[in-house]
1. Going through the range 65-88 one residue at a time, which ones are modelled with pLDDT under 90, over 16 Å from SER15 (Cα atoms) and assigned to a strand (DSSP E or B)?
2. Tell me whether the range 205-215 contains one or more residues that are of a type in the set (Lys, Arg) and part of a strand (DSSP E or B).
3. Among the residues of the range 84-123, which ones are in contact with a helix residue (DSSP H, G or I) (Cβ under 8 Å, 6 or more places away or on another chain) and touching a residue at least 24 places away in the same chain (Cβ under 8 Å)?
4. Of all residues being part of a loop (DSSP other than H, G, I, E, B) and in contact (Cβ under 8 Å) with a residue 60 or more places away in the chain in the range 177-201, which is nearest to THR93 (Cα to Cα)? Just the residue, please.
5. If I ask for residues that are part of a loop (DSSP other than H, G, I, E, B), among the polar types (S, T, N, Q) and modelled with pLDDT of 90 or more, which ones from the range 89-142 would you list?
6. Determine which single condition SER152 fails, assuming it passes every other condition in (1) polar (S, T, N, Q); (2) at pLDDT below 90; (3) out of contact with any strand residue (DSSP E or B) (no Cβ under 7 Å at 6 or more places or on another chain).
7. Out of the residues in the range 187-216 meeting the condition of being surrounded by fewer than 20 Cβ atoms within 10 Å (Cβ to Cβ) and within 18 Å of ALA248 (Cα to Cα), tell me which one is farthest from the chain's Cα centre (by Cα).
8. From the list THR126, THR140, exactly one residue is of a type in the set (Ser, Thr, Tyr) and closer than 24 Å to TYR68 by Cα. Which is it?
Amino acid sequence: MSLAQSLQATGQFLSAAEVREFEPNAGDSAAATSASGAIPVSAASKSNLDPAIAVQLCGQTKPKVMSYGWETGRAAGGMLGIPWYVLQAPSATLLVAGSAGSGTLEVWHIDSVSDELRLASGYFGTWDDFRRISASTHFTKGNGLPGRVWESRQPILFQDLTESGTFLRAVAARAIGLEFGLGLPVEYPEGFGVAVLLSTRTAPLARSIDIWRLHGKSDIEHLHGMSVHESPAMRQSSREIAQSLALAAASQFRPLAIDLAAANGAGQSTVTASFGWAWPSRDATGVVHVATVVN
């Protein structure tokens, strides 16, 4: 079953994405690569990924959020780094940057004593009250967006946080206009965590976000998603890009990112989006789910 929502927007919260793979025999150093193996990261994308912060995040063993571009006591944006492991060894890091003022980036880890998810790091822009509320909030398995991701081991998209009976910070989110939420499950050798991305309706996370499920080796099913495109042709274009990303990420079982402007310049079909990325995961039964973001 496929569900989608379309809305108007003035811009998007997520400004850049990149996958950095670890070089063989290079210790902790990481080199920027295209996730597709053929398309380089664009100059525009690189300008939105603070190089020093990117290097620090690539050295992390757990997902983490860091702020960058500090001016007058405020950060210009935040960056989320999610490590990817193959056979318990670090293989790559997905880096996602968010601009100031329209969203949050969060990482939740399981507290070994209370067996609850607690905020480990985050970027909240100027929303200090929401930061404090988040820092004092904890989630048990199945409760709230992080708790539901923990229980299902699947990516989850909330299209209206303020109306969701399972979003525990709904009142605080409503006060600052947060409406969309994407939760990603993150497996790492030391345990399990959840990356959460939240945004407003006027500046949603991206042009389109979709959740997919793999059937067999080559059949990807669209479960649900949201789009800011008004044109059916643009929505279809983003869906096709997302489907290709989802299938590649699922079949290879690795995070992917792609520079769509470079792809267009290389002679591929015209696209309106600038970049896209995909995060795959396996649920408790081993079924592969993928979250895709196209911007």
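1. Those that are modelled with pLDDT under 90, over 16 Å from SER15 (Cα atoms) and assigned to a strand (DSSP E or B): GLU71, ARG74.
2. Residues of the range 205-215 of a type in the set (Lys, Arg): 207, 213.
Retained after the next criterion (residues that are part of a strand (DSSP E or B)): 213.
Yes, the range 205-215 contains at least one residue that is of a type in the set (Lys, Arg) and part of a strand (DSSP E or B).
3. THR93, LEU95, THR104, GLU106, TRP108, ILE110, LEU117, GLY122
4. PRO189
5. SER114, SER136, THR137, THR140
6. All conditions are met except number (2).
7. GLY216
8. The match here is THR126.
The values are calculated or read from the model by the stated rules, or taken from the named source; none is laboratory data. Nothing here was measured: the structure is a model prediction, and the numbers come from that model. In this analysis, Cβ positions are derived from the backbone assuming ideal geometry, glycine residues included, and neighbour counts consider all displayed protein chains.
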